[in-house]
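The values are calculated or read from the model by the stated rules, or taken from the named source; none is laboratory data. Computed from a predicted structure; not experimentally measured. Every residue, glycine as well, gets a Cβ built from its backbone with ideal geometry; the counts of neighbours run over all protein chains shown. Accessible surface is based on the protein model in full, side chains and every heavy atom, while ligands, DNA and RNA are left aside. Shrake-Rupley method; radii C 1.70, N 1.55, O 1.52, S 1.80 Å.
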Amino acid sequence: MRDADLKALTGLCAKCGTCRTVCTLYPERKAEIAVARGKIALIDAAMRGEDGDAAAVQEALTDCLLCGRCERACPNQVLVEEIVMKGRADLAEEVGIPAWKRVLFGKVMTSPAATEIARKAAAAGQRLLPGKIPTASGLHYRFPEGLGGKGRTVPKLPATGFLESLGKGEAHTGEVMLFVGCVFDHVFPDVGRAAYETVKASGKSVAVFRDAACCGLPAMVSGDRRSATESAEANVRRLRAADPATIVFPCGSCLLMFRRNVFSLIPKGSPTYEDAVFVADHAVDYASFLLSSGVLDRLPDPPPAEKVGEIGYHDPCHLSGTLEKGPEAREVLSRAVGPAFAEMAGADLCCGYGGTFNVHDYPTSARIGENKVAVAARGGTKVISTACSGCVLQMRDMVARTDPSLRVVHIAELVRQALSRGDGKPPRR
């Protein structure tokens, strides 16, 4: 590793150890290499030529959730996430990344058409593989151990994605652009539909970004900067050409990609830099849009039968932590479900997903996630709401493993439910 920019970033670390006190992974590993200080020391050694085992360094940098807790707690404001992602990219050039990631990030997720084909193929395969296993058993949702982790539970993929369900000519143009994201289009289309319908309740004209590539974050955190840049550049060009007044993101991680991470891929001086600036300036989270657009003024009073304190909110690390957009979601919930919402025990605990970390080390990811939902359940929460696609994926898996009586929903689903209770009555003022 020989990278002057990376050396400048790591040089800010004072090795104080604050990162260890907040690290999600340290309680699992109990090792210095798990925390930011240890990873930075390892990168420094590699850049000095003192550690020639590039594959071992790559493995150490892969062992990180990128939850950002260390960065937010750091007294020197060291950009840990940027250091780790840049280190992964440099090592990917030197060591390489798995072929399946190259295909997924470079061939499938950069192309909306290829992503649609892949989902349909996976959905068809999922229907064929279960055979005679009873649906109620849940076994037909489980991967074999060699395909992602023993006991992993995955959602049943729909035959039709959200974008595909839109009518001909529907939501092609509008002053508000909805960036649904891959997961809420292809895996949980009901969330995409809920986000769309509730954003439309603002009375503004709404377009849905149809020709979106993946936001690029999965490729970026895996070290595949080429694929990440290809996706990011395609998206910012298309979004800028559409010229929306506002771009709404139901997923906090997608929002972070366009508000901050995109500039690591498209720096100043790049041909699409001004497009990236436009997107970053117009990008807002779902809850903030609802609060500013008057949607919540249309909500009827919550029914008195709602059980007090049974709906909680999980803070996505990227949205509530890095972007500091936690209060907005709580305000939306308070107005949508009233006293049924209460602060959830362990709300700010990481769910353990970490994107590709969930694939890299599913057992550890699952232990962190199981603890998350268990803490919430012990505190009395029955419904865990959130605003990030990765968190929804992870926690639905975790409740299936531990307590199927719990529900995990996106806040848009609760807002849509609240709007449907109007029945023609005057909206609440």
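A few notes on this one:
- Karplus-derived HN-Hα couplings along the range 39-52 (A = 6.51, B = -1.76, C = 1.60, θ = phi - 60°), whole Hz, x at Gly and Pro: 5, 5, 4, 5, 4, 4, 5, 5, 5, 7, x, 8, 10, x
- Neighbour net charge for Phe184 - beta-carbon separation under 12 angstrom, K R +1, D E -1: -2
- Applying 1/(1 + (r/R0)^6) with r as the Cβ-Cβ distance of Leu79 and Arg127 and R0 = 51 angstrom yields a FRET efficiency of 0.70.
- Along the axis of the charge dipole computed for the chain (Cβ charges of +1 for Lys and Arg, -1 for Asp and Glu, origin at the Cα centre), the listed residues Leu349, Leu61, Pro155 are led at the positive end by Pro155.
- Electrostatic dipole magnitude of the range 155-220 [Cβ: Lys, Arg +1; Asp, Glu -1; Cα centre; debye, to 20]: 60
- At 0.890 mPa s and 25 °C, Stokes diffusion of the range 194-271 via Kirkwood alpha-carbon radius, µm² per second: 182
- In range of the label at Ala114: residues from the range 204-227 whose backbone nitrogen is under 11 Å from the point 7 Å along Cα→Cβ: 214, 227
- Pairs over the 26 Å Cα-Cα cut-off, from the set Lys86/Lys372; Lys156/Lys204; Lys120/Lys168; Lys86/Lys156: Lys86/Lys372; Lys156/Lys204; Lys86/Lys156.
- In this structure Arg102 has an accessible area near 80 Å², from a 1.4 Å probe over the protein heavy atoms.
- Amide H contacts of Ser385 (H built 1.01 Å from N, in plane; Pro and chain starts excluded): Gly312, Tyr313, His314, Val409 sit under 5 Å, all sequence-distant by 5 or more or on other chains.
- Evaluated at q = 0.16, 0.22, 0.27, 0.31 Å⁻¹: base-10 log I(q)/I(0), Debye formula over Cα of the range 67-120: -0.69, -0.83, -0.95, -1.08
- Residue ranges 243-249, 343-349 sort as 243-249, 343-349 when ordered by packing (mean number of other C-beta atoms within 10 Å per residue, highest first).
- Ratio of the Cα radius of gyration of the chain to 2.2 N^0.38 Å, where N counts its residues: 0.97
- With respect to the chain, whose longest principal axis is taken over its alpha-carbon atoms, helix 80-95 is tilted by about 60°.
- Distance between the 7 Å Cα→Cβ label points at Glu175 and Glu50: 5.9 nm.
- Put simply, the C-alpha atoms of the range 266-336 give a gyration tensor, and the ellipsoid matching it has half-axes of 34, 15, 6 Å, longest first.
- Mean projected area of the Cα convex hull of the range 215-318, taken over all directions, amounts to 8.5 nm².
- Less than 5 angstrom separates the built amide H of Ser205 from those of Glu175, Val176, all sequence-distant by 5 or more or on a different chain.
- Furthest towards positive pole of dipole, Pro218, His186, Gly49, structure part the chain, Cβ charges: His186
- Helix 327-337 axis, angle to the chain major axis (alpha carbon atoms, nearest 10°): 30
- Percent carbon-and-sulfur accessible area, the chain, ignoring ligands, DNA and RNA, probe 1.4 Å: 54
- The range 350-406 pair-distance distribution - Cα-Cα, 5 Å bins, rounded %: 4, 21, 34, 25, 11, 3, 0
- What the Kirkwood sum gives for the range 21-89 is a hydrodynamic radius of 12.2 Å, with every pair of different alpha carbons counted.
- Using only side-chain charges placed at the Cβ, +1 for Lys and Arg and -1 for Asp and Glu, the dipole size of the chain relative to its Cα centre rounds to 960 debye.
- Helix axis angle, 189-200 relative to the chain longest principal axis, alpha carbon, degrees: 60
- Rounded to 5, the percent of DSSP beta bridges in the chain classed as antiparallel: 5
- The residues of the chain present an accessible area of 43 Å² per residue when probed at 1.4 Å with all protein chains retained.
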